[in-house]
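The values are calculated or read from the model by the stated rules, or taken from the named source; none is laboratory data. Here the structure is a predicted model, which is why all the values come from computation and not from measurement. We place every Cβ from the backbone using ideal geometry, glycine too, and count neighbours over all the protein chains shown.
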Amino acid sequence: MIESSRIALLGFGEVGQILAADLLARGVHQISVWDVQFDNVQSVASRAAQATNVRIAGAALDVARDATLIISAVTAAQDVAAAQSVAAHIDAGTFFLDLNSVSPGVKQEVARVIEQGGGRYVEAAIMSPISPKRSAAPILLGGPHAQAFAPLAEALGFSGAQVFSNEIGKASAAKMCRSVVVKGMEALITEALLTARSYGVEATVIDSLRNLFPAQDWHALARYMMSRSLQHGARRAEEMREVAATVREAGFEPWMSSASVERQQWSARFGEFSGTQPLEALLDALLEQTKGKENLRC
């Protein structure tokens, strides 16, 4: 099954690069990739692809031809466009694995695009950070073709994948509701600790959180969550817009999720500081950058 697999990857960011490396290590050597950043040969995605043993496609439609599986790992805002770029060129029966963090409604829209092109759409929701488990991360599969895709998923190393629902949108709903908490916590921690550091009380605040979740090392957790927000803030802001859409689709006002969009977008401006150690130095670097700059203040 692996030897005959011809994999196409749409999107060569963090997830796409990890999956390509894992698939190559597993013996899949027919991997074609496309990313909108490939138009710029000096982009991060272009340089990563050039350093990897994959075929760099000239356009999105090129990766679809003759593929047995197309994996979409683009940004949330590009999910529909990515599907539209390949739908007319999919061979009948080709699986289209949609890993993107979008609302149930968007997943259903993408499914219609792929099914109209003759492909077999499989919803997927990654229910943890992609690292450290990489392709073995927990993934919920959904839709009428999820069960048929499961054996191929296992053969390709997606050992954490499980069929969740025959209904498209359920897996995404679970992912989006998780993100209300996880990405919302990142936003809350960033805002709380920047403010606390300004008053010189951050150690007291962190120590008090241990009374709420005593099993957690809040100092390390806060440092980790802030760094992830700084490093991937733009992508997280896109995802939180989809989370807000999910909440609206359920009939509620997404007050918390919408606010998280703003804080994640704000964090994205300071990605260069994501590696700053320790937590106190990171907070000070951010405060220094925003000092006297009203449009950048919390």
When you scan the stretch 34-53, do you find a residue that is within 17 Å of S5 (Cβ to Cβ) and touching a strand residue (DSSP E or B) at 6+ places or on another chain (Cβ under 7 Å), even just one?
no
Among the residues of the stretch 157-177, is any surrounded by 23 or more Cβ atoms within 10 Å (Cβ to Cβ), closer than 24 Å to M226 by Cα and touching a strand residue (DSSP E or B) at 6+ places or on another chain (Cβ under 6 Å)?
yes
Among residues belonging to the stretch 1-42 that are closer than 20 Å to L61 by Cβ and assigned to a helix (DSSP H, G or I), point out the one that is farthest from the chain's Cα centre (by Cα).
D39
Out of D22, D39, I need the residue that is acidic (D, E), at pLDDT 95 or above and surrounded by fewer than 18 Cβ atoms within 10 Å (Cβ to Cβ). Which one?
D22
Looking at A245, A196, A259, can you tell me which residue is aliphatic (A, V, I, L, M) and either without any contact (Cβ under 8 Å) to a residue 60 or more places away in the chain or touching a Cys at 6+ places or on another chain (Cβ under 7 Å) (or both)?
A196
Among the listed residues S85, S135, S131, identify the single one that is closer than 27 Å to V243 by Cβ, under 22 Å from the mean Cα position of the chain (by Cα), in contact (Cβ under 8 Å) with a residue 60 or more places away in the chain and part of a loop (DSSP other than H, G, I, E, B).
S131
Can you pull out every residue in the stretch 17-35 that is without any contact (Cβ under 8 Å) to a residue 60 or more places away in the chain and touching a helix residue (DSSP H, G or I) at 6+ places or on another chain (Cβ under 7 Å)?
Q17, I31, S32, V33, W34, D35
